[in-house]
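Structure first, commentary second.
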Amino acid sequence: MTDRPTLIEMTDIEKTYVVGEEKVRALRGVTFNIDRGEYVAIMGPSGSGKSTLMNLIGCLDTPTAGKYRLNGHPVEEMNDDELARVRNREIGFVFQTFNLLARTNALAQVELPLIYAGLPRKERRDRALRALEQVGLTDRMHHNPNELSGGQRQRVAIARALVTGPSLLLADEPTGNLDSQTGEEIMRLFRDLNEAGNAILIVTHEEDIAANARRIIRIRDGKISDDRPNDSSRAEAVARAKRAALEAAVPPAG
């Protein structure tokens, strides 16, 4: 139990797609809450419905039936323009493929959402600098994506997601294009951001990535199959990372 305000409230969520003459029930009565400041992983195999659920949480789609409240806003009643406004105000997206502009430096990448929001230049610059500082990348702010490593590109993407001050960071397989060591660095950054008060929701099929979260929601066949705290996750994840680093550092015998 927690006395923190509810950020996400999903009740009896259904999502049905029409494929040819068939109806496909991607989600079947999904119900859960997420509070402000939580760190949650949503896990499920391919075809489980986790991507559909992510699209609904991110206001990229609306449910066929059920109720979805995001920070008190009734998402299921919104039209496309209203969904776009809620996305821009409430959600910072982090994608597996980074989604950065090729010929734009890191500072300008992070400023971009604030340009769309109509903020004046100085405020945009100040907020973008603070976001890059949060992810430890101020020394690379004038570099374009082709001058950055994969981990640095993802840090730029995270800074861009943070810069609007969203209620939720929504990350879709955020380490999918990174090697294991860089992936652990990005997950450590997410842990630091959560400890600073940011609500984080990671959608993944990888157990070791989900293990970093404080709570894991598992979905299968369009239904929640398990939803429980993951209190021991951090120690276990850190121990695994240390073991892996030690094994990699030991030269082969002979």
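What follows draws every value from the coordinates through simple rules; no lab data is involved. Only a predicted model underlies this, so the values are computations on that prediction, with no experimental measurement involved. Positions of Cβ are generated from backbone atoms using ideal geometry, with glycine treated the same way; all protein chains shown enter the neighbour counts.
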* Residue by residue through the range 80-96, which ³J(HN,Hα) values in whole Hz follow from phi under the Karplus form 6.51 cos²θ - 1.76 cosθ + 1.60 (θ = phi - 60°), with glycine and proline marked x? -> 4, 5, 5, 4, 4, 5, 5, 4, 5, 8, 9, 10, x, 9, 10, 10, 4
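What is the sum of charges around ARG28, taking Lys and Arg as +1, Asp and Glu as -1, for the other residues whose C-beta is under 11 Å from the C-beta of ARG28?
Numbers: positive: LYS15, ARG25, ARG220, LYS223; negative: ASP12, GLU14, ASP221.
Local charge sum for ARG28: +1.
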* Asked: So how strong a dipole does the range 36-132 carry about its Cα centre when Lys and Arg Cβ are +1 and Asp and Glu Cβ are -1, to the nearest 20 debye?
  -> 500 debye
* **Centroid-to-centroid separation of the range 71-106 and the range 149-189 [C-alpha atoms, Å]** => 16 Å
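Tally Lys/Arg at +1 and Asp/Glu at -1 over every other residue whose Cβ is under 13 Å from the Cβ of ASP80; what's the total?
-2
Express the Stokes-Einstein translational diffusion coefficient of the chain in µm² s⁻¹, to the nearest whole number, given a Kirkwood radius over alpha-carbon pairs, 4 °C and a viscosity of 1.567 mPa s.
Numbers: Rh = 19.2 Å.
The calculation lands on 67 µm²/s.
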* Asked: Using a simple charge model, +1 on the beta-carbon of Lys and Arg, -1 on the beta-carbon of Asp and Glu, nothing else, what dipole does the chain show about its Cα centre, in debye to the nearest 20?
  -> 500 debye
* Structure fact -> Among GLU21, GLU77, GLU147, the residue with the largest mean-square fluctuation in a Gaussian network model of the chain built from Cα contacts under 10 Å is GLU21
* Contact order relative to length of the chain, as percent, for alpha carbon pairs under 8 angstrom and 6 or more apart -> 25 percent
* Structure fact -> With LEU70 itself left out, Lys, Arg at +1 and Asp, Glu at -1 over residues whose Cβ is under 9 Å from its Cβ give -1
* Lysine pairs meeting the criterion (Cα under 24 Å, 8 or more apart or interchain), as found in the chain -> 10
* **Net charge dipole size for the range 102-177 [Lys, Arg +1 and Asp, Glu -1 on Cβ; Debye, nearest 20]** => 260 debye
* Structure fact -> What helix-only [θ] at 222 nm does the chain give? Using -39500 (n - 2.57) per DSSP H run of at least 4, over all residues, to the nearest 500, the answer is -11500 deg cm²/dmol
* Structure fact -> When the charge dipole of the chain is computed with +1 at the Cβ of Lys and Arg and -1 at the Cβ of Asp and Glu, the Cα pointing farthest to the positive end, of PRO174, VAL75, ILE216, is that of PRO174
* With unit charges on the beta carbon (Lys/Arg positive, Asp/Glu negative), name the residue among ALA128, LEU100, LEU114 whose Cα is farthest towards the positive pole of the charge dipole of the range 45-132. => ALA128
